[in-house]
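Below: the structure, in structure tokens.
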Ligand SMILES: [Mg+2]
């Protein structure tokens, strides 16, 4: 039975997504994981990359729109006593901007500054511990492979939110939905 749902932010609860191609061009990082680069760079390079990242994130946060059905879904889940988590690789500042903009509340919100980042299972394990839940009773929802792998390696159920086309790695997720409200059917049908 699902007792907790953890959501990715960008591209899952909110749209549009960050223009990663433009950001990567400015950073000079065309391949590899941006957050990994950031965390392993020397002090000066880290500051340069962080400035670019924060600028793109803040612009995306200010311009963010909620996905259709996001607010209703969160309210329905909360009314059912389901724990709500937000797990994002974004900065704490951009998360605060989005939550304030839409007046959203979560039982816990973890950013890249709070926990090892996705695809690590660690942030999901941490929320499960905090909530006193088995990871199997948690559903991780996201639009990117890191979301699915983070949830899956923690032992949670996973749901892929499909934005435009179904990605080739979609089979790694337990479920795939095209609309957020479809998640309610999944949650109801799970034993
Ligand atoms: Mg995302």
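The values are calculated or read from the model by the stated rules, or taken from the named source; none is laboratory data. A quick note: this is a predicted structure, and the numbers were derived from the prediction, not measured. Note that we place each Cβ from the backbone using ideal geometry, even for glycine, and neighbour counts take in every protein chain shown.
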Open item on the list: Condition check: under 21 Å from residue 170 (Cα atoms), in a helix (DSSP H, G or I) and in contact with a helix residue (DSSP H, G or I) (Cβ under 7 Å, 6 or more places away or on another chain). Does residue 141 satisfy that?
Closed with: no
Open item on the list: Restricting to region 19-33, give me the number of residues that are surrounded by fewer than 18 Cβ atoms within 10 Å (Cβ to Cβ) and within 16 Å of the ligand (Cβ to nearest atom).
Closed with: 5
Open item on the list: What are the pairs with Cβ atoms under 7 angstrom where one residue, in region 140-153, is in the same structural domain as residue 112 (by TED's automatic domain parsing) and within 20 Å of residue 83 (Cβ to Cβ) and the other, located anywhere, is in a helix (DSSP H, G or I) and near the ligand (Cβ under 10 Å from one of its atoms)? Sequence gap at least six, or different chains.
Closed with: 140/147
Task: Residue check for residue 69: loosely packed, with under 15 Cβ neighbours inside 10 Å and on the phi > 0 side of the Ramachandran plot - done: no
Open item on the list: Yes or no: region 140-151 includes at least one residue that is within 16 Å of the ligand (Cβ to nearest atom) and surrounded by fewer than 19 Cβ atoms within 10 Å (Cβ to Cβ).
Closed with: yes
Open item on the list: Can you confirm whether residue 4 is under 30 Å from residue 129 (Cβ atoms), in contact (Cβ under 8 Å) with a residue 12 or more places away in the chain and away from the ligand (no atom under 16 Å from the Cβ)?
Closed with: yes
Open item on the list: Please go through region 6-40 and give me each residue that is farther than 17 Å from residue 94 by Cβ, assigned to a loop (DSSP other than H, G, I, E, B) and out of contact with any helix residue (DSSP H, G or I) (no Cβ under 6 Å at 6 or more places or on another chain), ordered by number.
Closed with: 28, 31, 32, 33
